[in-house]
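Quick notes on the structure that follows.
The values are calculated or read from the model by the stated rules, or taken from the named source; none is laboratory data. Note that this is a predicted model, so its numbers are computed, not measured. Cβ coordinates were reconstructed from backbone atoms using ideal geometry, including for glycine residues, and neighbour counts include every protein chain displayed. What goes into the accessible areas is simple: the full protein's heavy atoms, side chains included, and nothing from ligands, DNA or RNA. Shrake-Rupley method; radii C 1.70, N 1.55, O 1.52, S 1.80 Å.
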Amino acid sequence: MTCGVAHGVLVVEDDPGLRELYVHALGDDYDARGAATIADALDTADASVSVVVLDRRLPDGDGLDALSELEDATDGAFVVAVTAVDPGLGIVDAGIDDYLVKPVGPERVGDAVAALLDRHSYEAAVARYYALAAKRAALEAAHDAAALADDERYQRLLADLDDLREHVAPSPALVGEPRRARALYRDLGAEASD
C-alpha cells in the first residue's frame, strides 16, 4: 500500500460474485466498496475514492460513458477499466489510467490499483525533487559555496533533496510486469536517444 493513508477504491461491477471478490481482496489495504450499476457508482462515489475499478458492460450502459461524472464525483480518481471488452482505439480518448481484459484475478486488480497510487506518489515526489533542485541551482549560482555551507536553510534543502532522492526511483509496482513497463516507458526511451 502507498503510505499510511486509507485510499478509497470503488469497484463498479455488475457480477455480484466478482464484485465481492475484488472488494474483499482490496479491503485488506484500502477502503473498498462496490456498486453494481453506473447509477449506484455515482451515488456511492465521493472525494475519498482514489481509484475506480470500472466494468464497461453494466446494466445501465457502458461504464466509460460515465467517466466525466465519476471524475467529478470522486474529485479526479484514477480509473482502471476491468472488462471483457477488448480495447478499441476509442480508449485513446477515454479518461482511463489502465485497461485490463478479463479474466482478471483479484491480485492483478490489486497490483493495478497499487501501481496507480504509487505513480501518483512518485509523480508528486519527482515534482518536489525538481522544485528543490531548482532552488539549489539558483542558490549555488548566486552565492559563494562557503556561505552556503554555513547556512542552516541551505543544509536543510540538501537534506530534503537526499531524502527525496530515495523516492524518485520508480517503484517495483510501476515496473513489476516487464511487458507492460516496456510499453509504458517506450516513448520516454525513444525521446532520450534522440
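Can you tell me which residues in region 66-115 are open to solvent by 40 Å² or more (accessible area, probe 1.4 Å), over 23 Å from ASP31 (Cα atoms) and in contact with a Lys or Arg (Cβ under 9 Å, 6 or more places away or on another chain)? Of everything in region 66-115, just one residue is open to solvent by 40 Å² or more (accessible area, probe 1.4 Å), over 23 Å from ASP31 (Cα atoms) and in contact with a Lys or Arg (Cβ under 9 Å, 6 or more places away or on another chain), namely ALA84. The numbered conditions (1) on the phi < 0 side of the Ramachandran plot; (2) without any contact (Cβ under 8 Å) to a residue 60 or more places away in the chain; (3) acidic (Asp, Glu) are all true for ASP75 except (1). Candidates TYR30, TYR22: the one that is in contact (Cβ under 8 Å) with a residue 24 or more places away in the chain, among the aromatic types (Phe, Trp, Tyr), open to solvent by less than 30 Å² (accessible area, probe 1.4 Å) and under 18 Å from HIS120 (Cβ atoms) is TYR30. No other residue among HIS120, HIS143 is in contact with a Phe, Trp or Tyr (Cβ under 9 Å, 6 or more places away or on another chain), over 20 Å from LEU70 (Cα atoms), open to solvent by 60 Å² or more (accessible area, probe 1.4 Å) and not charged (D, E, K, R) apart from HIS143. Of the residues making up region 33-49, those that are farther than 14 Å from LEU18 by Cα and either of a type in the set (Lys, Arg) or open to solvent by less than 30 Å² (accessible area, probe 1.4 Å) (or both) are ILE38, ALA41, ALA45, VAL49.
In this entry, ALA127 is excluded by the filter for residues that are aliphatic (A, V, I, L, M), open to solvent by 20 Å² or more (accessible area, probe 1.4 Å), outside any helix (DSSP H, G or I) and farther than 21 Å from ARG19 by Cβ. Of the residues contained in region 86-107, one or more are found to be modelled with pLDDT of 90 or more and part of a helix (DSSP H, G or I). Restricting region 3-19 to residues that are crowded, with 17+ Cβ neighbours inside 10 Å and not β-branched (Val, Ile, Thr), the residue that is farthest from GLU69 (Cα to Cα) is LEU18.
For TYR122, the requirement of being in contact with a Pro (Cβ under 9 Å, 6 or more places away or on another chain) and part of a helix (DSSP H, G or I) is met. Contact annotation: residue pairs with Cβ atoms under 9 Å, 6 or more positions apart or on different chains, pairing a residue in region 121-135 that is touching a residue at least 24 places away in the same chain (Cβ under 8 Å) and more than 19 Å from ALA159 (Cβ to Cβ) with a partner that is open to solvent by 60 Å² or more (accessible area, probe 1.4 Å) and part of a helix (DSSP H, G or I), are SER121/HIS167; TYR122/HIS167.
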